[in-house]
Each structure stands twice: as C-alpha cells, then as structure tokens.
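Nothing in this text is a laboratory measurement; each read-out follows from the coordinates by a stated rule. None of these values were measured; they are calculated from a predicted model. Cβ sites come from the backbone with ideal geometry, for glycine too, and all protein chains shown count toward neighbours.
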Amino acid sequence: MSSSTHNEVSFKDSVNLSFDKAVATLDVAPGMANYIRNVNNVYQVRFPVKINDSIETFIGWRAVHNDHKLPAKGGIRFSPHVNQDEVEALAALMTYKCALVDVPFGGSKGGLLIDPKQYDRPQMERITRRFAYELIQKDYIGSGTNVPAPDMGTGQREMAWIVGTYMAHSPGDINHLACVTGKPVSMGGIAGRVEATGRGVVFGLREFFRHPEDVKRANMEGSLAGKDVIIQGLGNVGYHAAKILQEEDGVNIIAILEFDGGIYNPKGINVENVFLHKIASGKGVKDFPGPAEYFENGAELLEKECDILIPAAMEGVIHQENADRIKAKVVAEAANGPVTFSAESVLEGKGIVIIPDVYLNSGGVTVSYFEWIKNLSHIRFGRMQRRYEETQNKLILQAIESSGHPVAKDIADKMGHGASELDLVRSGLDDTMRVAFQAIRERYWSKEKPGSYRTAAMALSIEKILNSYNALGIYP
Ligand code: GLU
C-alpha cells in the first residue's frame, strides 16, 4: 500500500517535509539545508537476462543521498513496486539514521523492479549477479565507496551472490568482503546480523520504557512486560522483534498482519507457531490454525486498541485516511516510513507517541557497520580476547571463593566465560540504541521543543552531518 493511493505527497516528499520541520528548529543556512535534503546522485540501469528462451529487461536503481562520510550505505530492495522516488526516500533515511547512531557512513539505497516469486533460484542468481555487475561497473559497489546490504526481498543469499560477483571483478582487492554486508557468516558475515534490525527495535523499546517521564507521555506506565502489541509484517524485522519481545520481555502479541490478512487474539498469539505456519504453507497468516480469529482485511487490525503498534513491513501503511482510527499508545516504526507526514500530525494530535524509523530500525545498519569493520580487520570479534577473558574471570571467581564467599552456580556459569562475537555484537547494538534514545529524549525535553521524537532525531542527524561538512571545510 503506497501513500500515493491516499492522495498524499510521495514518500520522498514525506521524508523531505520531516527534514524541513527539523531544520526549522536549527540555525542552518538555507542553501546548505537544501543541499543536504536532496539526493546527490542516482543511477538507473536497464539490463537484459535470458529467462527460459526469451530475453527479459530489468530496471534497477542505486541512489546516493549523501556521502559526507564514505562508504555510502544502504540495502538493496527487490520488489515489483519499487521506483526511483522510493529508492531516493530510502537513501535519505539511511543518511539520517547513520548520522543519528554515529555509524560513519553516508546514505544510499538500491532497488530492482522484480517480483522474486516469479523466478526460480538459478534465474534469481543470474539476475542478481548481472545487477551487481552493472553497479560494480559504475563504482556503485566497493568497500570504500558504496556498500549494499539486505532490504525487502533480499537476504544473505543475494548478498553472497553480490560479493561473489565483486570478487570475480576485483581479484586483487584484499578488502573484497567489505563490499557488502548481511552476508552469510560462512562468507564473512557476522553473528547476529539477521536478527539485528528486530533486536534493535527491542533494545529501542526497552530504553524507552526505562524513562518513566516518556512512558507517561504515552499514557502508560511500568515496563514492556504484559503490554499488548500488534505486529504488521512478519518478515525478517517483524518476526525477530515480535519473537524477542514475546520470549524475553513477556509482551502479549494480540495481532499479526501479513500480506494475506491478519489474525487476532486478545489472549495472545504464539509468534513462533505463526512463523512455522508461514514456512510450511508458503502463505502469510491465512489458514493459521489458531487460536486466533482471521481477518481477510488485515489492515482493520491496525485500528484495534493496543499499547504498542509495530509496523514492520513497508512505507505508508498509516496514512491520512486511517490515522484517525489508530488507537495504539505508541507507534514503533520498525519499517522505513510506515507513518506518512500527514498521518503523523493526526497521531500526535491524538497523543500517540511515535518512536521514529530513523532511530528505531537503525539496528540493521549498526550491525552492518560491525560486519564491515570485521571484514576490514580480517578477524572475528572476540578471537584474540575470548579465552583470555575466560581465564581472568575464572581467576576472579576462584579468588572470591577462596576468601570464603561461595558464588551461586548460575552466576558463576555466567561469569566464567569470555564474550563471543554474538555477545559483543548484541552489546554494541544495545549500547548504540540506548545512547541514541537518550540523545533524542534529551533534545525532545529541551528548550528547543522540537515537538516530537522524529523532529528531535532528525535535528540531531542534521547537526552531525553539518559538523562533518564543517570539518571538510564545506560549511561556511
Ligand atoms: N536495509 C536496512 C535498512 O534499511 C539495512 C541497511 C544496511 O545494513 O546497510 O536500514
């Protein structure tokens, strides 16, 4: 569902309007604001691939919104609806989210106009490799220039094909693995990247709930435990966010929406069972045996009463026509751009708190950053220190126990090991999400009064981009 269906401004204009609102809270020269707002370059390519006995032409894009820091970073989307406007909007969001969470990258995004369901695996491989080749040819892929990653419709498999294609064309590049992130761990990927965006959403929500003043603003109290949550989209982001929230934080998942409808049960739905049903049936939530009520028009469920609504699929699902009927207390934007610019003011008018995409879904690119560093340093995180830490921790335990203070077994077990790559990735992600939210809320409650977390977050991003231009001698 795109925002244009509802007579609204385009996705790109929606992002730009949010930018304008944030810039208005700062003292920025209009020419500079105009420069930062717009996409620096975008490459459109058409290429042929032989499918069965005929030639099919494919169209793709790679946009670089901003390269104040290199490489420019962002996923590649495979979708039958992707277009240049969407790719540019997503590239802009990449710039702002990287700046916000101090991931030292510019913003980029790619898209290929394709319905992946229409092609078999060997065909998808040929198409992906050919698209990658076209991008490599024009310098739109490289560890120091532009580093793609998964997005909607792509995953580890496509990233492996991209790195393989890159290697074939740059045989002498010792840093070839860093040309793309989200790779399988066996091909230079990093532990915890697949779950990263979903886990980042959870870390973001946990941090929100650590601040009673902010929680009160959303007419709630307490912690995440027991809160009623609706998830829209059980893809990579929605699935991990929902599963972790259910299993580790004790939230009550009351509704799950997918492309073929929605399911609802105020007593709670087991996320893993729905996920297994999806895999086994090849469908979304249709025919899920329950216990849950099936709604053919899943979008209706967005409007159910709940504490937290998590749109985790795509842009424009909360728009000017349904915004007034949303009854959540918090809308947690796990997807990019799920709330349109005009819907945002309707939600705000109703006192609904939005935790914005530029912050909340930045976990994916944050862990991509860790993967890129791993690839450039050519060593797995923890390899040098894990056993050393383990030995030191055991020595500390021995010292405590020999002084006559026995340590409980569960604590001793937790203490007695060194950090694995996954432990370090999760710790780095948790820290990133905490620090960024603290900065956003501080700005939100400050005398600048940005009025929303989104405006506060975007203002912080713009300041950081300006600082980096300043250091480059570009900002007067
Ligand atoms: N596609 C993801 C996003 O929208 C991840 C980008 C990346 O890891 O570079 O943030």
>> Just to verify a result, which residue in region 75-112, among those that are of a type in the set (S, T, N, Q) and under 16 Å from the mean Cα position of the chain (by Cα), is surrounded by the most Cβ atoms within 10 Å (Cβ to Cβ)?
In response: SER108
> Restricting to helices (runs of 4 or more DSSP H) lying wholly in region 25-140: which have 2 or more residues that are in contact with a strand residue (DSSP E or B) (Cβ under 8 Å, 6 or more places away or on another chain)?
Replying inline: 84-100, 121-137
> Looking only at residues in region 209-228 that are among the basic types (Lys, Arg) and in contact with a strand residue (DSSP E or B) (Cβ under 8 Å, 6 or more places away or on another chain), which one is farthest from GLY268 (Cα to Cα)?
Replying inline: ARG217
>> Being surrounded by fewer than 24 Cβ atoms within 10 Å (Cβ to Cβ) and farther than 15 Å from PHE131 by Cβ is the filter here; which residues of region 48-67 pass it?
In response: ASN52, ASP53, SER54, ILE55, ASP67
> Which one of GLY418, GLY428 is surrounded by 14 or more Cβ atoms within 10 Å (Cβ to Cβ) and in contact with an Asp or Glu (Cβ under 7 Å, 6 or more places away or on another chain)?
Replying inline: GLY418
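Here is a yes/no grid of residues against (1) buried (at least 17 other Cβ atoms within 10 Å of the Cβ); (2) under 23 Å from the mean Cα position of the chain (by Cα); (3) assigned to a strand (DSSP E or B); (4) basic (Lys, Arg):
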position: GLN246; (1), (2), (3), (4): yes, yes, no, no
position: ILE253; (1), (2), (3), (4): yes, yes, yes, no
position: ILE269; (1), (2), (3), (4): yes, no, no, no
position: GLU272; (1), (2), (3), (4): no, yes, no, no
position: LYS278; (1), (2), (3), (4): yes, yes, no, yes
position: LYS283; (1), (2), (3), (4): no, no, no, yes
position: ASP287; (1), (2), (3), (4): no, no, no, no
position: GLY290; (1), (2), (3), (4): no, no, no, no
position: ALA299; (1), (2), (3), (4): no, yes, no, no
> What pairs come up if the first residue lies in region 71-90 and is of a type in the set (A, V, I, L, M), the second is within 12 Å of the ligand (Cβ to nearest atom) and part of a loop (DSSP other than H, G, I, E, B), and their beta carbons are under 7 Å apart, counting only those six or more places apart or on different chains?
Replying inline: ALA72/PHE105; ILE76/PRO148; ILE76/ASP151; ILE76/THR154; ALA89/GLY337; LEU90/GLY74; LEU90/ASN336
> How many of the residues in region 171-194 are under 13 Å from SER143 (Cα atoms) and touching a Ser or Thr at 6+ places or on another chain (Cβ under 7 Å)?
Replying inline: 5
>> Considering only residues that are out of contact with any helix residue (DSSP H, G or I) (no Cβ under 7 Å at 6 or more places or on another chain), within 15 Å of ASN375 (Cβ to Cβ) and more than 16 Å from the ligand (Cβ to nearest atom), which ones fall in region 123-168?
In response: GLY164
